[in-house]
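Structure record follows, encoded as structure tokens.
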């Protein structure tokens, strides 16, 4: 197999960002998640929860609530603006100022014609949703305190609004408040403290469900304006509520990190007196749960501990299948680390700055498993802050380490680096072609002579780089005319091919010598998560979100024999059950039969010359093979060689000098830097 | 009763007062027991009474006069202070004149012909460069709104509200390290608290020491 020296990198201080709001679109099975830095991520729930799209945020921007209207996404935040997002170009399409101060809640009615927005000044503003914009229609009666939460009745005739200390029901025609319900303070709370109604839901049988800061979930009758039931579920706040589409199951998220489920059941077997009964409690978070979504089969929760947890409900899903497993999404599904193979440099992408590090050196030799002493420590060479307010979207480092590029929503910046032993010289390339105003994905060619930037309509802009300037060469457009954004780009080592994959599942291959589209890989139902072109055999290796691996020959324009063999044999069930996607594919220059892949919890070297594993045999058998004598090893060894020593992984690649770089981010380091959780007294501590 | 050594002199009690009265009465009696009463004519006593009344009136008048004078002095003082606060007349005249000329200019700009209007508009534009988004109101007042400050202050207030509700006083919070230390305490293999020893102690000192070491190395070791 081979021995490698491993650079174990733990100085990438990546901090994930807390979740603030989420909205699930039942029609397209997509979940939109907003984080506290005003970035929006879209997860495809039908494709193994893959993070399809990321819209970067702004400094000073904030999102308090998200809302889907059909396939359009709206958000509202404390800046007082309603933003509609362009999901094809991954940017805000336009912003409309509501002129009511900071906005706390946004909600659309079932007919998708009106959008209600709850503002700081106590007004509920109604906007009309037109084909490509929204227009202000009217205000409801102004209240004395801020509107914290809103919910439309499914028929669109009433709106329930949660303000400080009370809940108001507005009539949508007249805009006047029909009922006023006062929410009680908790027991023992001082008289001056106000109760905030954090979340509210209006059901079709005229029941209003509210969650407040006293820790209660209350059920009210919307016709008479009276309290029906109270459930005290926590000592702390109830921050979020969500109800399933058939209105039989309700979930409430608390500050303690628990998610409590209520179901509309009758205590006796007959149908008549149904009540909301507390059934399950899920304790999947350590910090506050601020965002909840109830899909048809699962409970999705997220909050201040930055993890997105999908918990399938076992009464709606078959047990002991992959569908019923708990799913935690910790790290982004795209690579934040760029490695310059020839020069041993690492580029780390943070939302507001970039860091360039040089790897350390060691000249020791040792047995497998030893840690070698460092001759030279890794050092941070450049700390580059972004200019302006927009966060960094993507970044790239050329393989020789001489060019650095990054892009935000508004601009692309290119820098030339000259790094000798201790001298670092960085100069900005000022005049970039005007057509290059932003890029969703950036990639350098292997000889650093060209920069590829993906832009709208799935096309790729090719720019040539010379000593100190860059010139526009060509725009590569796909034949299919798709409008989906490109999320993966790879240039082959010999500079002949360029592969681009978009979120619609299409992979286009361009011939760089002729600057034309060469071919398109047959579309597969799942989105590709990583791709690479083999330097020797010119085969395109793709890994998809459902863990399938394909190898496509570019010269013959068909799948290779090995790939067909793999499909016939089928992948090992343990491989298919993994829940994190493969984010990087690399090759070994010395051994052309090796493919190196990694996901968050393992990295694997696939040896194409060895037989494929049997479904019944053990998949990760590297440790057991060591203990078995030599003659037996050949019988049991198979193509997939998995190593789980380094976890959790953000990146694993091979450098030109046969050493593996492994970038880890220990979870304890993240956990210690999270904001304050609530204090819970445990017995005997 | 003996007099006190410290403190205020004791007030006379009722008994003592009676005794004093008796003493004076008795002394009056003692001095002229055998002689007859003194003769005091009616006129004398009348004159005395009148005098006493006059004196009382005079003293009252004097008091009133004193008060009047005090009031007068205070008023004068305030007036002086007020005068000092207000701008001098000259400055007021200047401002008046400049405002009038400004309004005249603006009126002129609206009255003159198109060509001239263009020129004047440019001038007024230059004058109004700083005052973008300004509107003229009646009475030579101008209003300028700085939208960004207002919006960002409202946003900041909203952020402060949510911060104080979730993390402010009364929210009973602890640190993440405490939470992890609790896990360690209650785990099957009990271990020490997280960050039991503080590893990042004296960071600045350590980095300074590193820099000094590097400088020493460059200085003293002959570099190639």
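Derivation of every value follows stated rules applied to the coordinates shown; laboratory data play no part. Treat the numbers as computed from the prediction; the structure is a model and nothing was measured. Cβ sites come from the backbone with ideal geometry, for glycine too, and all protein chains shown count toward neighbours.
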Let me check against my output: what whole-number percent is the relative contact order of segment A:460-558, with C-alpha pairs under 8 Å and at least 6 apart? 17 percent
Can you give the mean number of other chain Cβ atoms that lie within 10 Å of the Cβ atoms in peptide B:169-180? 6
Per-residue ellipticity at 222 nm attributable to helices in the protein assembly as shown (runs of n ≥ 4 DSSP H, -39500 (n - 2.57) apiece, nearest 500 deg cm²/dmol) works out to -6500 deg cm²/dmol
Based on other C-beta atoms within 10 Å, arrange A:147, A:201 from fewest to most. A:201, A:147
Alpha carbon centroid spacing (whole Å) that separates segment A:142-182 from segment A:437-488: 50 Å
Could you list A:331, A:348 so that the one with the fewest beta carbons within 10 Å of its beta carbon is first and the one with the most is last? A:331, A:348
With the Cα gyration tensor of segment A:141-243 in hand, convert its eigenvalues to equivalent ellipsoid semi-axes via √(5λ) and list them largest first in whole Å. 22, 15, 11
For segment A:591-673, build the convex hull from the C-alpha positions and give me its volume per residue in Å³. 125 Å³
Note to self: C-alpha centroids of segment A:208-244 and segment A:257-291 sit apart, in Å, by 12 Å
Computed log₁₀ I(q)/I(0) - Debye formula, equal Cα scatterers, no solvent, segment A:110-172, q 0.16 Å⁻¹: -0.48
Evaluated over segment A:61-202, the Cα radius of gyration and Dmax, each in Å: 15.3, 52
Percent of alpha carbon pairs in segment A:231-319 separated by more than 16 Å? 52 percent
Please compute the average number of Cβ atoms from other chains found within 10 Å of each residue's Cβ in peptide A:670-679. 6
In terms of the alpha carbon gyration tensor, root eigenvalues a ≥ b ≥ c, rounded if a/c is under 1.5 and otherwise prolate when a/b exceeds b/c or oblate, segment A:53-140 is oblate
Given contacts defined as C-alpha pairs under 8 Å and at least six residues apart, what's the relative contact order of chain A, whole-number percent? 8 percent
Part-to-part distance (alpha-carbon centres) for segment A:622-636 and segment A:301-331, which is given in Å: 36 Å
Among A:230, A:123, what is the fewest-to-most ranking by other Cβ atoms within 10 Å? A:230, A:123
Bins of 10 Å, beginning at zero and ending with the bin holding the largest distance: percent of Cα pairs per bin for chain A, please. 3, 14, 23, 23, 18, 12, 6, 1, 0
